[in-house]
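The next block holds one structure in the form of structure tokens; read it before the comments.
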Amino acid sequence: MTASTGSAAAQPPAPFATRLTRLFGIAHPLLGGGLMWLSRPRYVAALVNAGCMGFLTPRSFDSPDAFGEALVQCRVLTGGRPFGVNLTLASRPGGNDGVVTALEQALAHGVRHFETAGQGPGELIARIHEAGGVVIHKASSLRHALAAERDGADAVALVGMEEGGHPGANELPTMLLGALALDRLRVPVAVGGGIGHGRQLAALLAMGVDGAVCGSRLLVCEEIEAHDAYKRHLVGCDEHATVAVLRTLGNTLCVLRNATAELVAARERAGARDYAAFGDLLDSRITRDRCYGEGDWQRGMASLGPAIAFADRIEPLADIVATLLAQASAALDGLDHVRRTPLGGRP
Ligand SMILES: Cc1cc2nc3c(=O)[nH]c(=O)nc-3n(C[C@H](O)[C@H](O)[C@H](O)COP(=O)(O)O)c2cc1C
């Protein structure tokens, strides 16, 4: 791993401008969604310095002080350019006290770009607007996306069943959700879940979507602070390397198919229907310490989606972004070869 976070000079041209790039003041219509344990300053700054938007995840830090240090570090690494904070709302009672504290802390540090996730972001959105910020709410269903729009979200990200992490209870794919969203939402729409190649970005832009949210594809970048052995394992993964578990608890989680995930799936098949039945298998600190920290990829529930199949090497984040943009441009150029007579504006 290197300490590189990219630099403004290294940025490729900005071929695509959308409502999302204007809203977030970014060069490219690419968002790096918040990653539990992994959206740390070097990674978030690398996204920002590559012309995208990244979001620190406050829950990844042991204390408000540690999160405060991360905010300062990120500001330094981006040279003062705006970066974002992810506010993930938990469904369990009392699980969100820290979220409001983190929001206030981020605002006090000058952060004005937010990604919210989970249900009922209304109060967070109101507070962010009061402070002059912008917020994209990430939802896994159109119903929740519409509710967030009504709550005032400036943009919505829809994530389909291909998403690494929590793709929600619905089983609808990214492409379908994105196409439906365009008819139903007025605010800018980003789409995520399974996006790992520029030809998918081209397809989204051709559909009229304003941007893509990526996570899994970016996990192999140098700036992600996970053990090299884990990243080397990821590079070798294909599209069958992940598994969705915990559907029976109404909290589907898409993770790396490893020894822990196999045990969880087996307990689910055997009838486990509450969290206690899984013991410490779901303890995400094990993922942090064993998998990310020591590179023992068989241990812990490591959020991951099938877009990892597109990753073939460990490289700087800026290089991945440049590749995605070049692939998208090439795919759009390729359309000239299949186009015949224009249909005359048929929608
Ligand atoms: C390792 C990992 C951790 C994640 N943690 C969070 C999180 O804490 N909060 C959140 O809103 N989304 C989280 N996500 C979802 C991502 O922000 C993003 O929506 C997702 O990765 C996009 O789908 P993809 O993985 O198919 O690219 C996580 C995803 C991964 C892969």
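Within the stretch 49-61, can you find the residues that are surrounded by 24 or more Cβ atoms within 10 Å (Cβ to Cβ), in a helix (DSSP H, G or I) and not polar (S, T, N, Q)?
Across the stretch 49-61, the qualifying residue is only P58.
Criterion first (buried (at least 16 other Cβ atoms within 10 Å of the Cβ) and modelled with pLDDT of 95 or more) does A326 satisfy it?
no
Select from the stretch 166-191 the residues that are modelled with pLDDT of 95 or more and closer than 13 Å to G305 by Cα and write down the one among them that is surrounded by the most Cβ atoms within 10 Å (Cβ to Cβ).
So the residue we want is T174.
Identify, please: which residue in the stretch 56-72 is of a type in the set (S, T, N, Q) and within 14 Å of the ligand (Cβ to nearest atom) and is, among those, nearest to G34 (Cα to Cα)?
If we take residues in the stretch 56-72 being of a type in the set (S, T, N, Q) and within 14 Å of the ligand (Cβ to nearest atom), then T57 is nearest to G34 (Cα to Cα).
Tell me which residues, restricted to the stretch 202-224, are touching a His at 6+ places or on another chain (Cβ under 9 Å) and over 24 Å from A302 (Cα atoms).
G211
Residue pairs, Cβ under 7 Å, 6 or more apart or interchain, first in the stretch 14-36 and assigned to a loop (DSSP other than H, G, I, E, B), second of a type in the set (D, E, K, R) and open to solvent by 50 Å² or more (accessible area, probe 1.4 Å). List them.
M36/R59
I need every pair where a residue in the stretch 315-340 that is without any contact (Cβ under 8 Å) to a residue 40 or more places away in the chain has its Cβ under 9 Å from the Cβ of a residue that is part of a helix (DSSP H, G or I) and open to solvent by 60 Å² or more (accessible area, probe 1.4 Å), sequence separation at least 6 or different chains.
G334/R199
When the residues of the stretch 6-22 are filtered to those that are of a type in the set (A, V, I, L, M, F, W, C) and modelled with pLDDT of 55 or more, which remaining residue is least open to solvent (accessible area, probe 1.4 Å)?
Once the filter is applied, the top-ranked residue is L20.
Tally up the residues in the stretch 237-284 that are of a type in the set (D, E, K, R) and either within 14 Å of the ligand (Cβ to nearest atom) or not in a helix (DSSP H, G or I) (or both), please.
Qualifying residue count, the stretch 237-284: 6.
For the stretch 257-299, how many residues meet the condition of being open to solvent by 50 Å² or more (accessible area, probe 1.4 Å), among the hydroxyl-bearing types (S, T, Y) and either modelled with pLDDT of 95 or more or touching a His at 6+ places or on another chain (Cβ under 8 Å) (or both)?
The qualifying residues number 0.
Within the stretch 234-251, count every residue that is out of contact with any Cys (no Cβ under 9 Å at 6 or more places or on another chain), closer than 21 Å to L282 by Cα and open to solvent by 10 Å² or more (accessible area, probe 1.4 Å).
6
Say we look at the stretch 148-165 and pick out the residues that are more than 21 Å from G25 (Cα to Cα) and open to solvent by less than 30 Å² (accessible area, probe 1.4 Å); which of these is farthest from the ligand (Cβ to nearest atom)?
Ranking the qualifying residues of the stretch 148-165, first place goes to A148.
Counting only residues that are of a type in the set (G, A, S) and within 12 Å of the ligand (Cβ to nearest atom), which one in the stretch 23-55 is farthest from S303 (Cα to Cα)?
So, considering only residues that are of a type in the set (G, A, S) and within 12 Å of the ligand (Cβ to nearest atom), the one farthest from S303 (Cα to Cα) is G54.
The values are calculated or read from the model by the stated rules, or taken from the named source; none is laboratory data. Everything quoted here is computed from the prediction, not taken from an experiment. Glycine gets a Cβ as well: all are built from the backbone with ideal geometry, and neighbour counts include every protein chain shown. Keep in mind that these areas ignore ligands, DNA and RNA; they rest on the heavy atoms of the full protein, side chains included. Shrake-Rupley method; radii C 1.70, N 1.55, O 1.52, S 1.80 Å.
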